[in-house]
Amino acid sequence: MDPLAAIATTDDPADQPVHTTGEFYEVQGSHSKWTGSVHMQQGYRQLSGDRAEYDSASGGATVEGNVEFREPGIYLRGQSSRMNSNSGEADMDNAVFLFHKRHVRGSAKQLRRRADAVIEMEQARYTYCPPTDDVWSLRADQLELDLDRGIGTAHDLKLALGDTVFLYLPYLNFPIDERRKSGFLWPELGSDSGGGLDFATPYYFNLAPNYDLTLTPRVVTNRGVLGEVQARYLGPLLGSWDVGGAYINRDDEYRRDVPNDAGSRWLARVRHQGLVARRWRTTLDYTELSDQDYLNEIGTAALNLQQSSHLLQRGQLDYLGNAWLAQLRVERFQTLDRDLIREPYRKVPSLSLNRFTAERDNRFNLLYQGEYTDFDHDTRISGQRLYNEVGVSYPMSWIFGFLKGTAKYRQIDYRLDQAVTVGGSSDDSQQVGAPLASLDGGLFLERELNWGEGRLIQSLEPRLYYLWADYEEQQGLPDFDTSQLTFTYNQIFRENRFSGHGRLNDTNQLALGLTTRIIDPGSGEQKLLASIGQIYYFDDRRVVLDGANWDSGRDNSAIAAELAIQAWRNFDFKSSWLWDAGAGRLDETHLRISWLNGGGRIFNLGYNWRRHRGADPRFGDINQFDLSAVAPIAGNWVLFFQTLYDLEEKDGINGLLGIEYDDCCWRVRLVHQRSLNQALETGYPGELARVSRVKTRRAFHLEFQFKGLGGIGARMDSILEEFIRGYEGGNE
């Protein structure tokens, strides 16, 4: 604890007089001597000892015996000290030092505090650990600490665990606070069942306050040597940029799986966001891999990329008007999941215009949405699609409810590279259009609810939504970016059951929903939400997608229900169900329980079950549970756990198990990962059969962090954040 922490440091001590007290005092001209409990103070700077001499003409002072020096944030103790009150320079023999704000301390045979506040030491010892607990220490022949810049420099140093030296270095430059600086970051260490030992040594270049660069040489024993690079920039005109990549010239392990391949593999990533004149918004998100297995087999040390079935490659320019949003987009995906049958279309380009002003009550509001997209594909039908939607809405709202009417007309124009047959007409140009109308209304009813000694508000919110959309023959049109949306409670109040603009849905339906909430009026927190609803169809739905027409002739939808409970701040329960009333069976259920408390404990339990609907035999029921936890155990130990288990296959899809020891001066973490990955099987000699097989991948990650010097394993937090819901790492 710093006893001077509350003292203001705005006044320079050099401008303040020196006050000295002691048991005995002797003066001769400008030279003074004190003995016995000597205490000297100049502004917020203090110096004490058994004996002292001071020359008021030069400002020089010498203190001997049990010397202590203090100013806010700094404490020094030694046998003798020399100090100049005019410049602030001081030196001390056999010194012990403590810097309160930075939580570092140590000792030195000789310590000197320069006028610029830089501290120089000889035969020094430095640690972040608290007194009486030197778990680790840095020992250096020469050590320099620049408190203003937050930089430490050591020459001829040794790193020790306790009394055991484990690392010798001729030179080390390290941060002593949270500010960034150039230098080597601590290495990344891990192992993989396919790649072997994985060792990376990042070097960080702090080039300027708004841009930097990280180079990471990396050795994977079974694969070879690769390099990674990441550059970041932030500016008012060019926005934010994050550019990175990785390259390995010859991956020996990959060449064994793919004999005809040279083994060179790479990764490229660019991310950008910008805003010019508060109107023009630019976005670039581009990631590409040399092959589908790169992330699974090699991953990254410096770049934070999560596993995904597709890698996005998109460039976008938006114009934000007062009432309109114009958007130009170029987009494509790289597919990584071998189970996916079709490669997504490329959008080269897509141009859209949308009216997005807030709708006003008791008046007609203009609605417009338009989109032109050029779809391209290597093996499937390609072409251009123009979508237009124009209409009006008339909303009315009151404190007790709302009513909104909408009418619009939707139209799609196709220009294709080959003829398609729609409604008996075969042509490479097709056009469809259909009107749509809806009426949406609901009530907000409230009552007070007494719960123990507390006061709560319960709402009852019935809602009715009528939707009519005319039928237009569309069988035979390509579905460039269209799929049937997953049915949930919120879906029953949507006007289109398809995503994208490739289909104009037809329907004549009435949706009924009921929601109740329990709210704490003091904090505004929602303690409970429960909803149930169903759609009643007056006509069959005739517009369908291939393989997605299993319910098009039903008179009603499944009953959709949702329940969310937050009984107290750190507990959260959410669930949803789909009940097939006609068949009298449950079609789908999702459950999730999350519990987080201030002590670092996290518990998540999820269960997902969905009955397969449709005729495609390649897909079956989904029956999985997901369990993850962060559990502090005895002392400073923490356990990490995660598993995603498939009850149908009776096997784990992925899993994580780790342990951590963390105290105030050091931390060590060991994490084991298990996952099922697809790989390639070779066919006859000299021939590659592109047949996927599943193999188990195991990986170990080690992080060892000396607090105050940095840490090993900067990607460990990103791994835990990806697999454990609610976990927030602390590494930068």
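The values are calculated or read from the model by the stated rules, or taken from the named source; none is laboratory data. Not measured: the values here are computed from a predicted model. As a convention, Cβ positions derive from the backbone with ideal geometry for all residues, glycine included, and neighbour counts pool all protein chains shown. Heavy atoms of the whole protein, side chains included, go into the accessibility calculation; ligands, DNA and RNA do not. Shrake-Rupley method; radii C 1.70, N 1.55, O 1.52, S 1.80 Å.
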How much of the accessible area of the chain, probe 1.4 Å, is carbon plus sulfur, in whole percent?
-> 53 percent
Could you tell me what % of all Cα pairs in the chain have separations over 41 Å?
-> 52 percent
Please check which bits of the range 209-239 a label hung off residue 271 would reach, taking the label as a point 7 Å along Cα-to-C-beta and the cut-off as backbone N under 16 Å.
-> 212-214, 229-235, 239
For residue 37 paired with residue 367, estimate the spin-label separation in nm (one decimal), with each label point 7 Å from Cα along the Cα-to-Cβ line.
-> 8.6 nm
So which of 33/101; 158/181; 408/574; 404/527; 347/574 end up more than 26 Å apart by C-alpha?
-> 33/101; 408/574; 404/527; 347/574
Report the full-extension gain for the segment residue 278 to residue 471: residue separation times 0.36 nm, less the Cα-Cα distance, to one decimal in nm.
-> 65.3 nm
How much net charge surrounds residue 511 when only the other residues with a Cβ under 12 Å from the Cβ of residue 511 are counted, with Lys and Arg +1 and Asp and Glu -1?
-> +1
Loop-located chymotrypsin sites (Phe, Trp or Tyr not before Pro) in the range 359-425, at most 15 other Cβ atoms within 10 Å (DSSP) = 364, 400
Go ahead and estimate [θ] at 222 nm for the chain from helices alone: -39,500 (n - 2.57) per DSSP H run with n ≥ 4, summed, over the residue count, rounded to 500.
-> -500 deg cm²/dmol
Lys and Arg at +1, Asp and Glu at -1: add these up for the other residues within a Cβ distance under 10 Å of residue 520 and post the number.
-> +1
Global geometry of the range 560-633, whether rounded, prolate or oblate, following the gyration tensor of its Cα atoms and the 1.5 cut on a/c = oblate
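What number comes out for accessible area per residue over the range 1-121 if the probe is 1.4 Å? Units Å², please.
On the way: 6220 Å² over 121 residues.
I get 51 Å² per residue for the range 1-121.
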Simple spin-label estimate for residue 207 and residue 101 in nanometres, 7 Å along Cα-Cβ = 3.0 nm
Residue-normalised accessible area of the range 363-474, expressed per residue, 1.4 Å probe, Å² = 55 Å²
Once the range 137-271 is represented by equal point scatterers at the alpha-carbon sites, with solvent omitted, what log10 I(q)/I(0) does the Debye formula produce at q = 0.19 Å⁻¹?
-> -1.12
Estimated translational D of the range 319-408 in µm²/s (Stokes, Kirkwood radius over Cα pairs; 10 °C; 1.306 mPa s) = 99 µm²/s
Could you tell me what % of all Cα pairs in the range 77-193 have separations over 19 Å?
-> 50 percent
If you take the beta carbon distance between residue 555 and residue 636 as r and set R0 to 56 Å, what does 1/(1 + (r/R0)^6) give as a FRET efficiency, to the nearest 0.05?
-> 0.35
Grab the other residues whose beta carbon is less than 12 angstrom from that of residue 542, score K and R as +1, D and E as -1, and report the net.
-> -4
